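Read the structure below first, then the notes.
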Amino acid sequence: ETEPKKDLGSERSEETQNLRIFNGAFNDFRKRFPHYVSDFTDAFEYRCLVTVIFMFFACIAPSITFGGLMGKYTDERMGTTETLLAQSLCGVIWGLFSCQPFIIQSATGPVLIFEASLYRLCTVLGLDLLSVRFFAGIWIFLICMIVVAFEGSWLLKYVTRFTEEIFAVMISGIFIFESINFMRKTNSDNPVEDYTFYEHQHHDCNQTEISARPCQFGEPNTTLLTGLILFMTFVLACSLRYVRSTIWFGKHVRNIFGDFGVFIAISVVAFLTQQLFPDPILARLEMPEHLNFTNLEKRGHGIFVIPRSADTPISIGVAGAAALLVFILIFVETEITELLLSRKKRGLVKGSGLNWDLVLVGFCCLLCSLFGLPWMCAAAVQSLAHCSSLTITKKDKLDPNKMVVDRVIEQRVTTICVSLLIGAFAFLGSVLRLPMASLFGVFLYLGVMNLAGIELVKRTALFFVPVKYHWVTAYTKTMKVWRIHLYTLIQLVLVVIISIVKQGTYTALAFPFVLILFIVFRHTALPRIFTAEELEALDADEDHEEKREDRDGYTETALPV
């Protein structure tokens, strides 16, 4: 099987080699849209109905989680309602007009982290977040048009696993750190201590001679219950995913537990919390009673964002820089997801569109900015799950024990239906006031699961494993151990560097630019340290493990959720 990143340039036809602008986008359109009618007629199969139900539950849990955290990180300028509406709007547009409708448009961790950093910067500069995002949406669309005009998708061939792994480990570290930080803050506000002494000594708030401790002691049970809910959600989600790789139940039941694990974990923990603790004092997801913006007062705008004229010059400048940086994230996530779906082993025959779809992503970002909604981009894990759920397999004629792709039901209806269901979910309002601890439990789970299958994590473990017990891979078979460790150390140092950049108030937005520097470093400095054969073994586009039943989107891509 050829490696798609290396074939990216060769796949372009002779016609696209000339300098006519937008050739790539027009070619994508011409190749895909002759199948437009069949994209709807092919959906009349029972499997598509099952896929709609499966993908709705697979998408709704991350959407609620990222939406709740968006509200927390932007002080309720945007929250769960806005996230669900944005995913519904962008999903319907994507399902109708994209060249690769299997891609799921969703909130993702990297973009969430970027939006949080942008809000912090706007707060320091005294700018209105939604006004800055309004101009940033225009910039993003213009940048997408310029890149597509000159077929900039070929730049993706320079993005290798070296950079993807550093990016994934950094995002996973942020997920895990934020979950721990949430518990630390909860304990700070509601410390778990022995309150008996203070309660006996301070019945009167005017008594201060014994201790200077204030009369407001907080709620110690809040910290204990928050920790319990977070831990239960995390453990239950991990356990259900683990069921996929066991011999319990049948294959289909195992897959159901693995695919719906996050949704089941949130639902079970929320139900048990409500039954065992009818009126607990907990931080909950902010949701309006009925369909409305999360917090209209803090939002400061109506349905449409109207930029504040006083800050316009500064906002345009900040927005331009922010747009260029977030475009890097959107470009990488969208194009890599396109390539993952285009691999020969997936069995897709109707084609995809690296250029046309990038224009559509830019348009969706423009719409989201206009309505004051979070930016959406391709979610690799959900997109791969979407494709897999519509893949029909058969036994290989040469090896009856091996399953191969027979055909894939390529259509647009499932994407559109899932998006409409997610939009309808926003009407539930106050029903979605879940404990924030449960959402951070999912955040912790995603942080841990993002690390699954990343070679950097596996190679780091080799520091603590005797050589005779090293697992067999291309690099352990052909390279000296100290050379492997040197490569791993370089990556770990770069993880530390980008993490430090991410923590700075003024530098946090620049972390996508730092990733570009790492790409340059990979193609200029590393070839001077390692031979071409060593880099091929260490930085191959994909591992060559055989397809296993228990593998899922987390192990098929190094991109973070």
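When you go through (1) open to solvent by 10 Å² or more (accessible area, probe 1.4 Å); (2) under 30 Å from Gly71 (Cβ atoms); (3) in contact (Cβ under 8 Å) with a residue 40 or more places away in the chain one by one for Pro313, which number turns out not to apply?
(3)
Leu366 versus (1) in contact (Cβ under 8 Å) with a residue 60 or more places away in the chain; (2) over 22 Å from Thr83 (Cα atoms); (3) open to solvent by 10 Å² or more (accessible area, probe 1.4 Å): which is the lone unmet condition?
Of everything listed in (1) in contact (Cβ under 8 Å) with a residue 60 or more places away in the chain; (2) over 22 Å from Thr83 (Cα atoms); (3) open to solvent by 10 Å² or more (accessible area, probe 1.4 Å), Leu366 misses just condition (2).
Could you go through the range 358-380 and let me know if any residue there is on the phi > 0 side of the Ramachandran plot and not basic (Lys, Arg).
Yes: one or more hits.
Run down Ile64, Ile53 and say which single residue is assigned to a helix (DSSP H, G or I) and without any contact (Cβ under 8 Å) to a residue 40 or more places away in the chain.
After ruling out the rest, the residue left standing is Ile53.
Picking from Val269, Val305, Val262, which residue would you name as being assigned to a loop (DSSP other than H, G, I, E, B), among the β-branched types (Val, Ile, Thr), open to solvent by less than 60 Å² (accessible area, probe 1.4 Å) and touching a residue at least 40 places away in the same chain (Cβ under 8 Å)?
Sole residue among the options that is assigned to a loop (DSSP other than H, G, I, E, B), among the β-branched types (Val, Ile, Thr), open to solvent by less than 60 Å² (accessible area, probe 1.4 Å) and touching a residue at least 40 places away in the same chain (Cβ under 8 Å): Val305.
Being in a helix (DSSP H, G or I), touching a Ser or Thr at 6+ places or on another chain (Cβ under 8 Å), hydroxyl-bearing (Ser, Thr, Tyr) and open to solvent by less than 10 Å² (accessible area, probe 1.4 Å) is the filter here; which residues of the range 101-158 pass it?
Within the range 101-158, just Ser131 meets the criteria.
If you go through the range 389-401 one residue at a time, do you hit one that is surrounded by fewer than 20 Cβ atoms within 10 Å (Cβ to Cβ) and touching a residue at least 40 places away in the same chain (Cβ under 8 Å)? I'd like the intermediate steps shown before the answer.
Taking the range 389-401 as the starting set, the residues that turn out to be surrounded by fewer than 20 Cβ atoms within 10 Å (Cβ to Cβ) are 391-401.
Now restrict to residues that are touching a residue at least 40 places away in the same chain (Cβ under 8 Å): 391-392.
Checked the range 389-401: at least one residue is surrounded by fewer than 20 Cβ atoms within 10 Å (Cβ to Cβ) and touching a residue at least 40 places away in the same chain (Cβ under 8 Å).
When you go through (1) open to solvent by 10 Å² or more (accessible area, probe 1.4 Å); (2) over 21 Å from Pro288 (Cβ atoms) one by one for Leu446, which number turns out not to apply?
Looking at each condition in turn, Leu446 falls short on (1).
Could you tell me which of the residues Val361, Val349 is open to solvent by 10 Å² or more (accessible area, probe 1.4 Å) and of a type in the set (Val, Ile, Thr)?
Numbers: Val361 fails: open to solvent by 10 Å² or more (accessible area, probe 1.4 Å).
Unique residue meeting the criteria: Val349.
Can you tell me which of (1) in contact with a Ser or Thr (Cβ under 6 Å, 6 or more places away or on another chain); (2) open to solvent by 20 Å² or more (accessible area, probe 1.4 Å); (3) at pLDDT 85 or above is the one Phe293 doesn't meet?
Status for Phe293: all satisfied but (1).
The values are calculated or read from the model by the stated rules, or taken from the named source; none is laboratory data. In this text, all values refer to a predicted model and were calculated from it rather than measured experimentally. Here the Cβ is made from the backbone with ideal geometry for all residues, glycine too, and neighbour counts use every protein chain on show. Remember, those area values only see protein heavy atoms, side chains included, never the ligands or the DNA or RNA. Shrake-Rupley method; radii C 1.70, N 1.55, O 1.52, S 1.80 Å.
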